[in-house]
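Enquirer: The structure's right below; bear with me while I get my questions together.
The values are calculated or read from the model by the stated rules, or taken from the named source; none is laboratory data. Note that the structure is predicted; figures quoted are calculated from it, not measured. Every residue, glycine as well, gets a Cβ built from its backbone with ideal geometry; the counts of neighbours run over all protein chains shown. These accessible areas exclude ligands, DNA and RNA; they are computed on the full protein's heavy atoms, side chains included. Shrake-Rupley method; radii C 1.70, N 1.55, O 1.52, S 1.80 Å.
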Amino acid sequence: MKSTTRGTLAAVITCVAAAAGAAAATPAAAVGTVPVPLPLGGAEKALNVELPEATGQLPVPVPGSPEGPRYVEGRLIPERAVPQLPVHGGLPGADLRAPLPHILGAGFDHVGVDAPASDLRTLAPGVSVDAPLTSPNADGFGLPEAKLPQVGVLAPLVQTVPTADLGIGPGL
């Protein structure tokens, strides 16, 4: 075997091994949702009747990194002394398909609801505190002056846009 052939073969094997290692090292948290099927096939055959089909999607929550404190001129304690922790996840999704008797006519024999998992972003409450002293004052020989303490609660945040589709038709 020539050296160029061995080099090419080694490069191909290295790439395949790296791709396999990367696929095996991918954590479960990298997947946005986990599918959850509801197996009704055995009951459908045993009862000899068409049963609804149901599947679901469970989101995997992923904690984010909090925004650090910000130093502001004139304050002794930085803003956001207790930072807000972001958590990204989702609302669970569902996909339901059910047989429908011919109530609406011959062409409508199934009804389906599709509500996919939707993105959910949250931010935990936080606290912003200021000390009862001002920063050192040059006019007062470098001593701080007294002032009223300040405490602020940063409100929690929840953002999502859920969607759903309803369909009626033949064999949805």
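Enquirer: Using the structure shown, decide if residue 119 is of a type in the set (Asp, Glu), open to solvent by 80 Å² or more (accessible area, probe 1.4 Å) and closer than 30 Å to residue 158 by Cα. Reasoning before the result, please.
Expert: On the way: of a type in the set (Asp, Glu): yes; open to solvent by 80 Å² or more (accessible area, probe 1.4 Å): yes; closer than 30 Å to residue 158 by Cα: yes.
Here the answer is yes, as residue 119 does meet what is asked.
Enquirer: Okay, moving on. Kindly indicate the residue of segment 128-154 that is open to solvent by 70 Å² or more (accessible area, probe 1.4 Å) and under 43 Å from the mean Cα position of the chain (by Cα) and also farthest from residue 99 (Cα to Cα) among those meeting that condition. Even if it seems obvious, please write down each step before you answer.
Expert: In the first step, residues of segment 128-154 are kept if they are open to solvent by 70 Å² or more (accessible area, probe 1.4 Å); the result is 133, 136, 138-139, 141, 143, 145-146, 148-151, 153.
Still in the list and also under 43 Å from the mean Cα position of the chain (by Cα): 133, 148-151, 153.
Numbers: 133: 71, 148: 68, 149: 65, 150: 62, 151: 58, 153: 52 Å.
The selected residue is 133.
Enquirer: Can you pull out every residue in segment 155-172 that is in a strand (DSSP E or B), more than 23 Å from residue 83 (Cα to Cα) and open to solvent by 70 Å² or more (accessible area, probe 1.4 Å)? If you could, list the steps in order and put the result at the bottom.
Expert: So the first thing to find is which residues in segment 155-172 are in a strand (DSSP E or B), and the list is 157-160, 165-169.
From the residues that got through so far, the ones that are more than 23 Å from residue 83 (Cα to Cα) too are 165-169.
Listed by number, the residues that qualify are 165, 166, 168.
Enquirer: Cβ contacts < 9 Å: first residue among the hydrophobic types (A, V, I, L, M, F, W, C), restricted to segment 36-57; second residue exposed (fewer than 10 other Cβ atoms within 10 Å of the Cβ) and in a loop (DSSP other than H, G, I, E, B), any location; separation 6+ or different chain. Result?
Expert: Listed pairs, sorted by first residue: 43/49.
Enquirer: Same structure, new question: Can you go through 86, 61 and tell me which one is open to solvent by 50 Å² or more (accessible area, probe 1.4 Å), under 22 Å from residue 159 (Cβ atoms) and either modelled with pLDDT under 80 or touching a strand residue (DSSP E or B) at 6+ places or on another chain (Cβ under 7 Å) (or both)? Give the derivation first.
Expert: Numbers: 86 fails: open to solvent by 50 Å² or more (accessible area, probe 1.4 Å).
Of the residues listed, the single one that is open to solvent by 50 Å² or more (accessible area, probe 1.4 Å), under 22 Å from residue 159 (Cβ atoms) and either modelled with pLDDT under 80 or touching a strand residue (DSSP E or B) at 6+ places or on another chain (Cβ under 7 Å) (or both) is 61.
Enquirer: Looking at the structure I just gave you, is residue 148 at pLDDT 85 or above, part of a strand (DSSP E or B) and either of a type in the set (A, V, I, L, M, F, W, C) or touching a Ser or Thr at 6+ places or on another chain (Cβ under 6 Å) (or both)?
Expert: Values: at pLDDT 85 or above: yes; part of a strand (DSSP E or B): no; either of a type in the set (A, V, I, L, M, F, W, C) or touching a Ser or Thr at 6+ places or on another chain (Cβ under 6 Å) (or both): yes.
Criteria not met by residue 148.
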